[in-house]
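Peer 1: Just passing along the structure, written as structure tokens.
The values are calculated or read from the model by the stated rules, or taken from the named source; none is laboratory data. These figures come from a predicted structure and were not determined experimentally. Using ideal geometry, Cβ is built from the backbone for each residue, glycine included, and neighbour counts are taken over all protein chains shown. Remember, those area values only see protein heavy atoms, side chains included, never the ligands or the DNA or RNA. Shrake-Rupley method; radii C 1.70, N 1.55, O 1.52, S 1.80 Å.
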Amino acid sequence: STNPALCVADYLMDATLGMGISSAKIDWAAIITAANGCDVEVDVPGAVGAKEKRFTCNGVIFATDKHQKNINKILSSMNGNLVYSNGKYILHAGIYEAPTESLNEDDLIGAISIKTSLERSDRFNTIKGLFVDPSQNHKSSEFPKVQLADAVTRDNGEVLEKEVQYPMTNSSYGAQRLSHKLIQLSDQQKIITFPANLSALRIAAGDRVQVSIEELSWTNKVFQCVDWTFSEQGGVNLTLREDSSTSYADPTVTPTNEYSTITASGSITDAFRGVPSPSGLRAASGEGKVFLNWVNPGRPADYATIEVFSSSTNN
């Protein structure tokens, strides 16, 4: 199979080259969810109706490498993660899964610590890197640079690059798709430490939870658990990063093409990077009119026209 989730499960159980663990130690419900997410067919440039599976695993691993390195190579082909919790290996692909748990003030045993943004060294709005190119005799080749206009605007117009390698991805569109999602996820920068009581033992790394804190005006705000440790107070310190279903959208082909394309001669047509968003929109009435004010994005070269739409509702 070229399904990354099934490849991970196979590697975990394989007694000759893999880890040789019992199938009873694998969370198969999580494997099924991840595998189904990987198999979703998405539109790609080319002939009308051209499609690819969202994530596929195509590459080589070496028996002389450590298990962790081989598993991480497979995980890279689906932006996935694998955790061991409560005696089970739990796999998550780079897809959105609805929250399964909820937390509120009743679960706290201390004060919440909030980090509102990542350090500059951990931020990026542009990704470049390598994938396995079948047209180049399966050598590592560069895929077209991926950049989103809103992410550049978020970082005050400064281009912040991240270099990646996709050793188990053999499609330029697949590599761009993985990178596109990583940049979208980089918008979710709020990280909290949630000192919970022992009821939080039900939450494992990778789980999504809804957090409701009245003082912070949070009602069912979605976070993903990225780590947890036992606390000296007798509870569990959860590290949660904000999450959103909108951060997992696949690049589009129509009405705008968000994939870069490469001709046989190597000519690249850059993808549509998106329209940068304005900020600080304000409306004031006077003289029988409505006056609108806003702050334009910091890179005027990114746009040529401003359009204003009147909504028939309050949204």
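Peer 1: Rg and Dmax of region 156-221 over Cα atoms: what are they, in angstrom?
Peer 2: Computed over the Cα atoms of region 156-221, radius of gyration and Dmax are 17.5, 48 Å.
Peer 1: Of 111, 284, 34, which is the most mobile in a GNM of the chain whose springs link Cα atoms less than 10 angstrom apart?
Peer 2: Of the options given, 284 has the highest mean-square fluctuation.
Peer 1: Right, something else. Subtracting the Cα-Cα distance from 0.36 nm times the residue separation, let me have the gained length for residue 313 to residue 270 in nm, one decimal. It would help to have the intermediate numbers written out before the result.
Peer 2: Numbers: separation 43, 0.36 × 43 = 15.48 nm, distance 3.64 nm.
Length gained, residue 313 through residue 270: 11.8 nm.
Peer 1: Counting other Cβ atoms within 10 Å, keep those with at most 14, restrict to DSSP loop, and tell me which GluC sites (Glu not before Pro) in region 138-180 are left. If you can, show how the numbers build up before the last one.
Peer 2: Working: sites: 142, 158, 161, 163; in loops: 158.
Here the sparse-neighbourhood loop sites are 158.
Peer 1: Which of the pairs 51/190; 181/289; 51/115; 53/88 have their Cα atoms more than 31 Å apart in this structure?
Peer 2: On the way: 51/190 34 Å; 181/289 41 Å; 51/115 40 Å; 53/88 28 Å.
Where the Cα-Cα span goes over 31 Å, the pairs concerned are 51/190; 181/289; 51/115.
Peer 1: Name the residues of region 138-171 whose amide N is less than 20 Å from a point 7 angstrom out from the Cα of residue 17 along the C-beta direction?
Peer 2: 138-140, 166-171
Peer 1: Take the Cα atoms of the chain, build their convex hull, and give its volume per residue in Å³.
Peer 2: Details: hull volume 58.3 nm³, N = 315.
About 185 Å³ per residue, rounded to a whole number.
Peer 1: List the GluC sites (Glu not before Pro) in region 237-315 that DSSP assigns to loop (not H, G, I, E or B) and whose Cβ has at most 16 other Cβ atoms within 10 Å. Which are they?
Peer 2: Working: sites: 242, 258, 287, 307; in loops: 258, 287, 307.
Sites meeting the loop and neighbour criteria: 287, 307.
Peer 1: Right, something else. Report the charge-dipole magnitude of region 238-315 in Debye, nearest 20, computed about the Cα centre from +1 at each Lys and Arg Cβ and -1 at each Asp and Glu Cβ. Write down the numbers at each step before the final one.
Peer 2: Values: 5 positive and 8 negative charges, 47 e Å.
Dipole of region 238-315, to the nearest 20 debye: 220 debye.
Peer 1: Starting from the Cα gyration tensor of region 173-311, take the square roots of the eigenvalues, sort them a ≥ b ≥ c, and report rounded, prolate or oblate (rounded when a/c is under 1.5, otherwise prolate if a/b is larger than b/c, else oblate). Walk me through the numbers on the way to the answer.
Peer 2: On the way: a/c = 3.42, a/b = 1.38, b/c = 2.48.
Because a/c hits 1.5 or more and a/b fails to exceed b/c, region 173-311 counts as oblate.
Peer 1: So how strong a dipole does the chain carry about its Cα centre when Lys and Arg Cβ are +1 and Asp and Glu Cβ are -1, to the nearest 20 debye?
Peer 2: Working: 27 positive and 36 negative charges, 111 e Å.
Using only the charged Cβ atoms, the result is roughly 540 debye.
Peer 1: Which of the chymotrypsin sites (Phe, Trp or Tyr not before Pro) found in region 1-87 are loop residues per DSSP with 13 or fewer other Cβ atoms within 10 Å of their Cβ?
Peer 2: Numbers: sites: 11, 28, 55, 62, 84; in loops: 55, 62.
Sites meeting the loop and neighbour criteria: 62.
Peer 1: Also: Considering only the other residues whose Cβ falls under 13 Å of the Cβ of residue 32, what net charge follows from Lys and Arg at +1 and Asp and Glu at -1?
Peer 2: On the way: positive: none; negative: 27, 39, 97.
Within the 13 Å Cβ shell, the charges total -3.
Peer 1: Once neighbouring chains are kept in place and the probe is 1.4 Å, which whole percent of the accessible area of the chain is contributed by carbon and sulfur? Spell out each step's value before the answer.
Peer 2: Numbers: 8730 of 17430 Å².
Carbon and sulfur atoms account for 50 percent of the accessible area of the chain.
Peer 1: On to the next question. So what is the 222 nm mean residue ellipticity for the chain from helices alone, if each DSSP H run of at least 4 adds -39500 (n - 2.57) and you divide by all residues, rounding to the nearest 500 deg cm²/dmol? Please list the in-between numbers first.
Peer 2: Numbers: 5 runs with 51 residues, N = 315.
Taking each H run of at least 4 residues, the total per residue is -5000 deg cm²/dmol.
Peer 1: Sticking with this one: In nm, give the distance between the simple-model label positions of residue 137 and residue 50, each being 7 Å from the Cα along the Cα-to-Cβ direction.
Peer 2: With each label placed 7 Å out from Cα toward Cβ, I get 2.6 nm.
Peer 1: Only bridges with both residues in the chain count here: give the DSSP antiparallel percent, nearest 5. Provide the component values of the computation, followed by the final result.
Peer 2: Working: 45 of 56 bridges.
The antiparallel fraction comes to roughly 80 percent.
Peer 1: Taking a spot 7 Å from the Cα of residue 88 along the direction of its beta carbon, which residues of region 31-65 have an amide N less than 20 Å from it?
Peer 2: 31-38
Peer 1: Mind running the shape call on region 35-83? Use the C-alpha gyration tensor, a ≥ b ≥ c as the square roots of the eigenvalues: rounded below 1.5 for a/c, prolate if a/b tops b/c, oblate otherwise.
Peer 2: Values: a/c = 4.25, a/b = 2.23, b/c = 1.90.
Cα axes put region 35-83 in the prolate bin.
Peer 1: Hey, another quick one. Accessible area per residue of the chain at 1.4 Å probe, in Å²?
Peer 2: Value for the chain: 55 Å² per residue.
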